[in-house]
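The block underneath contains the structure these notes are about, expressed in C-alpha cells.
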Amino acid sequence: MLSKIVLGIFVILSFSFSSVYAVEPILITSSGVADKIIFDGKWSDNLEWKTSSYDQFHFADDNSKIVLRSAHQDDFIYIQINAVSDFTLDKGSDSATLCFDSKNDKSSISKNDDYCFFTTLNGKNSFTYQGGSPVSLNGNFKKIQNHKDYIAIGNVSGKYDRYDAKPHPTYEFKIPIDLLGRSDNYGFYFSTFDANSYKKYSWPKQLDTSSPLKIPSPSQWGDIISPDKSLPEFNYSIFLLFIIPIFLITSFITKNRISKVYFH
C-alpha cells in the first residue's frame with residue numbers, strides 16, 4: 001500500500017514538473033511588407049508592425065506588460081519586443097534578449113544550434129551568442145561575430161506606439177534565417193531586463209529570472225511555429241540553380257532525339 005502511495009506521489013510530481021513549462025506556442029505570421037520596417041527600435045508610425053503576429057504577456061506580481069510582434073519574410077525573421085509598462089528609461093542598462101533553438105531538440109545544455117541575440121536601450125552595440133560553450137555562467141553561451149545582415153536595436157517608443165504613448169523601451173530584431181537554419185518550428189525564448197527595478201521578465205514566464213545574465217536551458221524554452229508552414233521561406237535563387245541546369249540538359253536531349261528522328 002505504501003509503495004502505491006509513493007508511486008502516486010511520484011507520478012503527480014512528475015506530471016506537475018513536466019507541466020511547468022507547457023505553454024502555448026507563439027504563432028509567427030508571413031508578411032509581405034516586413035522589409036519596409038525602419039529599424040530604429042520604436043514604432044515609426046502606426047502601421048509599421050501591423051502586419052505581424054501579436055502576443056501580449058502580463059506579469060501579475062507587479063502588473064507589468066510586454067507585447068511581442070513577430071513576422072517572417074524572405075530570408076529574415078522580424079521581432080519586436082515592447083516593454084510597455086517600463087517608464088523608467090535606463091539607457092545602456094535596460095535590455096532585451098531573444099533566443100532560438102534551431103533544431104528545437106530541447107537540450108538540457110545549450111548546443112551550437114542554439115542562438116541568442118542581445119541589445120540594450122540606446123546601446124551602440126548588439127551581440128550574438130551561440131550555445132556549446134563550456135562556461136556555464138550565462139547558460140553555456142559564447143559571443144560570436146554578428147551576421148552581416150543581423151540588426152538589433154533598442155530605443156524609446158512613444159508617439160506612434162500602438163500600446164502606450166508614454167515613452168518606454170522597445171527592441172527590434174532582424175534575424176537572418178540562414179544563420180538559424182530553415183524550419184517551421186524553433187525553440188524560442190525572450191526576456192527584457194528593467195535596470196531600475198533589477199527585474200527580468202521572460203517568456204516562458206515560469207523560468208528563473210533571478211540573474212539578468214543567465215540564459216535558461218533550451219529544454220525550458222517554448223516554441224515559435226509557422227502554422228501554415230510558410231516558414232521556412234523558400235529560396236528561389238537556390239531553386240533556379242537547380243532547375244536551370246536540368247532545363248538545359250532536358251532541352252539538349254530533346255533536340256538530339258528530334259534530330260535523330262528527322263535527319264537520320
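A few comments on the model shown:
- Of all accessible heavy-atom area on the range 26-225, the percent that carbon and sulfur account for (1.4 Å): 49 percent
- For ARG69, ARG182, the ranking by accessible surface with the largest value first comes to ARG182, ARG69, using a 1.4 Å probe.
- Solvent-accessible surface of the range 26-140, averaged per residue with a 1.4 angstrom probe and all protein chains in place: 43 square angstrom.
- Dipole magnitude for the range 26-225: about 300 debye, using +1 per Lys or Arg Cβ and -1 per Asp or Glu Cβ, origin at the Cα centre.
- For the range 111-182, size of Cβ-based charge dipole, Lys and Arg +1, Asp and Glu -1, in debye: 140 debye
- The distance separating the Cα centre of the range 25-75 from that of the range 78-151 comes to 17 Å.
- Most positive-pole-ward Cα, LEU137, VAL156, PRO176, against dipole of the range 26-225 from beta carbon charges: LEU137
- Cα gyration tensor shape for the range 65-149, rounded if a/c is under 1.5, else prolate or oblate: prolate
- Ligands, DNA and RNA excluded, the heavy atoms of ASP228 present near 100 Å² of accessible surface to a 1.4 Å solvent probe.
- Rough spin-label spacing in nm, given labels placed 7 Å along Cα→Cβ, for LYS143 and ASP178: 2.5 nm
The values are calculated or read from the model by the stated rules, or taken from the named source; none is laboratory data. Just so you know, these numbers come straight off a predicted model, no measurement behind them. Glycine also receives a Cβ, built like all others from the backbone with ideal geometry; neighbour counts cover every protein chain displayed. Areas reflect the complete protein model, heavy atoms only, side chains present, ligands, DNA and RNA absent. Shrake-Rupley method; radii C 1.70, N 1.55, O 1.52, S 1.80 Å.
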